[in-house]
Amino acid sequence: MRAKSISREFFASVAAVVLLGLGVMCLSQSALSISYFAQERHAALTGILDGAAAVSEQLAGSASGIIITDPIPDESMRERAESRLELFNTATQTLLFVTDDSGTVLLHTGSDDVLTGEAVPADLLARINAEGELFTTGDMNGVFSKQYYVLGRPLQAQDSAGYIFAATDMGALGDYVGDMANMFLLSAAIALIVASVLSAIFARRFTEPIEAISEAARKLGSGDFTARAPVNGCTELADFAVTFNNMAARLQTIDNSRGQFMGNIAHELRTPMTTIQGFIDGMLDGTIPPQEQKKYLEIVSQETGRLSRLVKNMLDITKLEAGEYQLHARCYDIWETVTDVVLSDEQRIEDAKIDIQGLGGGRAMVYADPDFVHQVVYNIVDNAIKFTPPDGVIRFATRRVGDKIEMSIENTGAGIAPDALPFVFDRFYKEDRSRGLNTRGSGLGLHICKVLVNLSGGEIRVESQEGEWCRFTFSLPAGDAKKGEDPKKSAPVPARR
């Protein structure tokens, strides 16, 4: 099914509201008018019947000799009574008629075709007797040939009874209702024309920014991540455009990062694989003599290890960013991890003639996953060993800052250039290779450190004085040395992204 346009939807909504409002107004006005007409007619007929009291007494009084239960015998009296009633009819445009106690019409004003000759129903007469008068609308169950407002009262004589009625035509109400219906139709037509014009104008104002966003979305879907939507229109559409642009910018960043990531992976994999292939081919074709093959096999082994670490780091990053790692946090002394890492690299430290300072400080209880912290400390210490010159120093220190424990690892050496500091924790970032720094690293270790520290609820930063020193500092939630491990907190929880 084809979707409706905004213009149609907007017009349909406005038209429905306008028509509904006019309809409710018309019905309310009609109901009020009917009630008003009825009250006004009742008051008018009451006054007319009050004015006809003298005629009623003449017709019903014993002094006149008229007996209401029988046809009026005195023709002159009848003519005189009809003449008196006709004056009321002429002056007020009201029909007057008199009935006997059974409801049979004895005399009336107006033309003969107004009354059908039917007697007034007994139930209506009973209501007059019970309530003193009757006010009703319609044809009185066939008494009239058309619709009337009717007011009836009892007409009493000494030994007999009858009834006098005053009626006025309901045609005025019909004319009024018809005029209202015509006015409603005219108003509805004008309102619909105005609504269609306004709908076209306002719908255009709404659809222009939406069409611009839709066009930008089509470009974005076709791979153009530079597409942006103009921020204009009402507040909601402007916010929508801002949200869309933020999403597009994020997708562009992700696309650029993906491209760089793939390029970096290709570069990092190509270098050791080229080295391995070259040395193996040299051994196979005899370019490398047998007595030199052990030396080059050691290089191949190193490059293979480098490939293995690179693949492992990439897998770790993928799992970390996907939230697949489980955080098994507990309260323990962070110096245990630092000591283990330093002892595991003891041979490298001795070979590089590096002096270790600050190791074995006072207890520093943290609440973290020991495996995560071990990976962080190992990566930072590994970098420190690489870049610390012979007879240099690697210094460890901890301090408490609020509810966090900060661990700093500082090493002397060339340090990091100021323009490189903001990018140290980016994936695959390595300083200018021409300076000979970290030429064999993958550029993933520090990025993994940042992800692990963030997952542990801490932060990591780097400071450096180029040509003198470099210091990495990371924080972790402080633990309680007295209470020790909290068994409730030691349960595994999903790692947060």
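Points worth noting:
- Violating pairs (Cα-Cα greater than 29 angstrom) within the set LYS295/LYS319; LYS295/LYS386; LYS319/LYS386: LYS295/LYS319
- Near GLN293, once Lys and Arg are set to +1 and Asp and Glu to -1 for all other residues with Cβ below 13 Å from its Cβ, the sum equals -2.
- When the convex hull of its Cα atoms is projected in every direction, mean area for the stretch 165-209 (nm²): 3.8 nm²
- Counting charges near ARG471 (Lys, Arg +1; Asp, Glu -1) among other residues having Cβ under 15 Å from its Cβ returns a value of -3.
- The label point for LEU315 and the one for SER187, both projected 7 Å from the Cα toward the Cβ, are 7.9 nm apart.
- FRET efficiency, 1/(1 + (r/R0)^6) with R0 56 Å, evaluated for LEU198 and ASP419 via beta carbons: 0.45
- Centre separation in Å (Cα based) which lies between the stretch 345-418 and the stretch 97-154: 114 Å
- Between GLN293 and THR243, the simple spin-label model (points 7 angstrom out along Cα→Cβ) gives 6.7 nm.
Rule-based calculations on the coordinates, nothing more; no lab input. The shown structure was predicted, so the numbers you read here are calculated from the model rather than taken from an experiment. As a convention, Cβ positions derive from the backbone with ideal geometry for all residues, glycine included, and neighbour counts pool all protein chains shown.
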